[in-house]
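Note sheet for the following structure.
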Amino acid sequence: MQLKRIHHVAYRCRDAKETVEFYQRVLGMDFQLAIAEDQVPSTGAPDPYMHVFLDAGMGNVLAFFELPNSPDMVFDGNTPDWVQHIAFELEDMDALLAAKAAVEAEGLEVIGPTNHGIFQSIYFRDPNGHRLELVANTRSAAEMDELHRVAPAMLEEWSETKKAPRHAAWLHEKQFKGESQ
């Protein structure tokens, strides 16, 4: 099997119109198309929905379903709030800082920039409560090569111990020493 790319990633939303307007206004995404049916095509189940698709750049598509006849949308109570998120890449740190100012101007609470060693990011929420991350890469080719090299050993050690391996601890050590923000 040879995958070409992710065709789209779909999430649930409370209100399709509000969601499209948010992503257009705040993230500059183009509203590509909408599909609405009274039955689920794959199952035939009667369940009306609105399915909207937004251009996230470079062929990436972010989609949402509004399901008016389903119970209210909730998040997995067993998964920490910060785990499930959608991350978008920006050009550089200047773009990240400008995005932070623009998101804050929308009246949204923003966390960050947070230094992840190979990138910095900010976090905020869409109108549905989905956590969004905007990222500016700060990595070098050598850092990425090293992370790629140690990935199999890290995964194996994690699988055996369920404790954080130290192979890439350098990613955050300089942040904790106060050398960068």
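Since every read-out is calculated from the coordinates, none of them should be taken as a lab result. Everything quoted here is computed from the prediction, not taken from an experiment. Glycine also receives a Cβ, built like all others from the backbone with ideal geometry; neighbour counts cover every protein chain displayed.
Across the chain, how large is the tail of the calculated P(r) beyond 23 Å, expressed as a percent of all Cα pairs?
In whole percent, the long-distance tail amounts to 56.
Considering the dipole of the chain built from charges on the beta carbon (Lys and Arg +1, Asp and Glu -1) around the Cα centre, which of VAL83, ALA99, PHE22 is farthest to its positive end?
The listed residue farthest towards the positive side: VAL83.
Show the residues, 5+ positions off or on another chain, whose built amide H is closer than 5 Å to the amide H of PHE119.
Under 5 Å from the amide H of PHE119: THR138.
Note down the relative contact order for the chain as a percent, whole number, built from C-alpha pairs under 8 angstrom at least six residues apart.
Across the chain, relative contact order equals 17 percent.
For GLU89, which sequence-distant residues (separation of 5 or more, or a different chain) have an amide H within less than 5 Å of its own amide H, given hydrogens modelled in the peptide plane?
Residues meeting the criterion, in which the H sits 1.01 Å from N, are VAL135.
Over region 85-137, what lengths in whole Å, largest first, do the semi-axes of the equivalent ellipsoid take, defined as the square roots of 5 times the eigenvalues of the alpha-carbon gyration tensor?
The equivalent ellipsoid of region 85-137 has semi-axes of 17, 12, 9 Å.
Measure nothing but the geometry: give the 0 to 90° angle between the long axis through the Cα atoms of 16-27 and the longest principal axis through the Cα atoms of the chain, rounded to 10°.
Here the helix axis deviates by roughly 40 degrees.
Please list, ordered by chain and number, the residues whose modelled amide H lies under 5 Å from the amide H of LEU67; skip anything fewer than 5 residues away on the same chain.
For LEU67, the qualifying residues are CYS13.
Enumerate the calculated ³J(HN,Hα) couplings along region 85-93 in order (Karplus 6.51 cos²θ - 1.76 cosθ + 1.60, θ = phi - 60°), each rounded to whole Hz, writing x wherever the residue is Gly or Pro.
These are the phi-based 3J(HN,Hα) values: 7, 10, 10, 10, 8, 10, 5, 6, 5 Hz.
State, in angstrom, two size descriptors of region 1-89 derived from its alpha carbons: Rg to one decimal place and Dmax to the nearest whole number.
Calculated on Cα positions, Rg and Dmax stand at 14.4, 38 Å.
From the phi angles alone, apply the Karplus equation (6.51, -1.76, 1.60; θ = phi - 60°) to region 137-152 and give each ³J(HN,Hα) in whole Hz, x where the residue is Gly or Pro.
Taking θ as phi minus 60°, the curve returns 6, 10, 6, 10, 4, 5, 4, 5, 4, 5, 4, 5, 4, 8, 3, x Hz for region 137-152.
Could you run the Karplus curve 6.51 cos²θ - 1.76 cosθ + 1.60 with θ = phi - 60° over region 41-50 and give me ³J(HN,Hα) per residue in whole Hz, x for Gly and Pro?
Along region 41-50, the couplings run x, 6, 10, x, 5, x, 7, x, 8, 10 Hz.
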